[in-house]
């Protein structure tokens with residue numbers, strides 16, 4: 001099948017997982033452009049970090065780990081994380097001469113002619129014929145907002161945590177924050193001092209973790225998430241297993257009542273939210289901090305999903321198609337897991353493709 005370019009491996013996505021995979025492809029001896037390429041839909045380096053809200057300072061970020069081969073050193077903890085990490089990723093690409101093409105919006109990955117012929121990767125402007133795929137598209141492009149009765153009747157504003165730009169836009173507003181993850185807590189803590197009122201709503205009671213996050217506990221968490229994807233189930237996020245870190249700031253917010261959690265409401269009304277017992281809470285804004293889903297629609301032509309919607313995995317390898325590896329998916333959907341997954345994916349592809 002005709003294509004604009006031919007490579008051994010196409011890496012889709014240039015966030016932490018994609019750059020890690022590219023680094024290990026370079027170390028394996030694959031030449032940039034001829035042996036592998038990185039296709040990134042963003043206009044600049046930074047992965048999902050470049051879209052984080054400006055008031056999120058680097059010092060408040062939990063669990064940012066170095067990329068392999070180049071540590072993030074002497075970073076100013078008071079600078080926006082979006083700026084620091086984007087600069088770090090750009091420096092990483094330059095240091096290791098990684099062949100990142102952007103903006104390259106991958107629309108589909110399909111088999112070329114026959115299944116054994118490789119994969120045709122279609123972008124808006126060009127096509128790539130690749131023998132193997134490392135998919136590192138993450139979740140940022142797939143914000144999830146659950147449906148509740150009455151949602152369309154709400155007279156106020158609704159937005160997702162991905163749209164959050166800072167607390168100023170919530171000044172003197174009554175805000176309902178929905179979600180039990182770290183982003184919900186971080187944004188709630190920023191909003192509460194300027195809002196007229198805040199209400200925190202979660203589907204299940206939040207679990208705050210006071211003890212140290214040890215390597216042993218980290219391995220237990222990854223194993224729990226890994227078990228689901230090995231069974232072909234949609235993955236849970238790593239943070240949903242770890243719980244919320246009880247930092248001094250979070251502890252103070254709990255003592256002040258900011259993190260007094262309420263159970264999930266039953267419906268949305270034109271003027272707020274309502275519970276099954278008839279109580280209502282007026283609101284001007286509903287902030288859905290309800291997470292993301294894996295951005296994998298472009299892989300649909302390969303038919304990788306199980307009946308329940310998940311993809312059966314063995315480490316980073318797709319069981320149904322060993323020439324496709326998912327990094328930043330399931331247990332590797334964290335900064336430390338993504339880097340390890342890059343190494344694993346390259347090792348698997350070298351074996352499958354005899355590189």
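The set of residues from segment 25-48 being in contact (Cβ under 8 Å) with a residue 60 or more places away in the chain, under 23 Å from the mean Cα position of the chain (by Cα) and either surrounded by fewer than 17 Cβ atoms within 10 Å (Cβ to Cβ) or part of a loop (DSSP other than H, G, I, E, B) (or both) comprises 40, 41, 42, 43. Filtering segment 51-61 to residues that are part of a loop (DSSP other than H, G, I, E, B) and either out of contact with any strand residue (DSSP E or B) (no Cβ under 6 Å at 6 or more places or on another chain) or surrounded by 15 or more Cβ atoms within 10 Å (Cβ to Cβ) (or both) leaves 52, 53, 55, 56, 61. In a residue-by-residue description of segment 70-84, the property of being in a helix (DSSP H, G or I), out of contact with any helix residue (DSSP H, G or I) (no Cβ under 7 Å at 6 or more places or on another chain) and more than 23 Å from residue 246 (Cα to Cα) applies to at least one position.
Do we find a residue being in contact (Cβ under 8 Å) with a residue 40 or more places away in the chain, touching a strand residue (DSSP E or B) at 6+ places or on another chain (Cβ under 7 Å) and within 16 Å of residue 338 (Cα to Cα) anywhere in segment 63-85?
To start, the set of residues in segment 63-85 that are in contact (Cβ under 8 Å) with a residue 40 or more places away in the chain comprises 63-69.
Now restrict to residues that are touching a strand residue (DSSP E or B) at 6+ places or on another chain (Cβ under 7 Å): none.
Within segment 63-85, none of the residues are in contact (Cβ under 8 Å) with a residue 40 or more places away in the chain, touching a strand residue (DSSP E or B) at 6+ places or on another chain (Cβ under 7 Å) and within 16 Å of residue 338 (Cα to Cα).
For the subset of segment 164-180 comprising residues that are under 23 Å from the mean Cα position of the chain (by Cα) and buried (at least 20 other Cβ atoms within 10 Å of the Cβ), which member is farthest from residue 267 (Cα to Cα)? Applying the filter and picking the extreme gives 164. Restricting attention to segment 106-122, the residues that are surrounded by 15 or more Cβ atoms within 10 Å (Cβ to Cβ) and in a loop (DSSP other than H, G, I, E, B) add up to 2.
Which residue is farthest from residue 280 (Cα to Cα), if the candidates are limited to segment 152-163 and must be surrounded by 13 or more Cβ atoms within 10 Å (Cβ to Cβ) and at pLDDT 95 or above? It would help to see each step written out before you state the result.
At the first step, the residues of segment 152-163 found to be surrounded by 13 or more Cβ atoms within 10 Å (Cβ to Cβ) are 154, 156-163.
Narrowing the set further to residues that are at pLDDT 95 or above leaves 154, 156-160.
Numbers: 154: 13, 156: 15, 157: 17, 158: 17, 159: 20, 160: 22 Å.
Result: 160.
Between 14, 22, 10, the distinction of being in contact with a helix residue (DSSP H, G or I) (Cβ under 9 Å, 6 or more places away or on another chain), more than 14 Å from residue 88 (Cβ to Cβ) and either modelled with pLDDT of 95 or more or in a loop (DSSP other than H, G, I, E, B) (or both) belongs to 22 only.
Among the residues of segment 21-43, those identified as out of contact with any strand residue (DSSP E or B) (no Cβ under 6 Å at 6 or more places or on another chain) and farther than 23 Å from residue 297 by Cβ are 23, 24, 26, 27, 28, 29, 31, 32, 33, 34.
So, residue 123, is that one touching a strand residue (DSSP E or B) at 6+ places or on another chain (Cβ under 7 Å) and more than 30 Å from residue 185 (Cβ to Cβ) or not? Here the answer is yes, as residue 123 does meet what is asked. Condition test on residue 91, is it assigned by TED's automatic domain parsing to the domain that holds residue 70, modelled with pLDDT under 95, over 20 Å from the mean Cα position of the chain (by Cα) and not in a strand (DSSP E or B)? So residue 91 does not fit the description; no. Could you count how many residues in segment 123-144 are buried (at least 19 other Cβ atoms within 10 Å of the Cβ) and not in a loop (DSSP other than H, G, I, E, B)? Residues meeting the conditions: 9.
In the set 138, 150, 132, only one residue is at positive phi and touching a helix residue (DSSP H, G or I) at 6+ places or on another chain (Cβ under 8 Å); that residue is 138.
The values are calculated or read from the model by the stated rules, or taken from the named source; none is laboratory data. Everything numeric here is computed off the predicted structure, so don't read it as measured data. Positions of Cβ are generated from backbone atoms using ideal geometry, with glycine treated the same way; all protein chains shown enter the neighbour counts.
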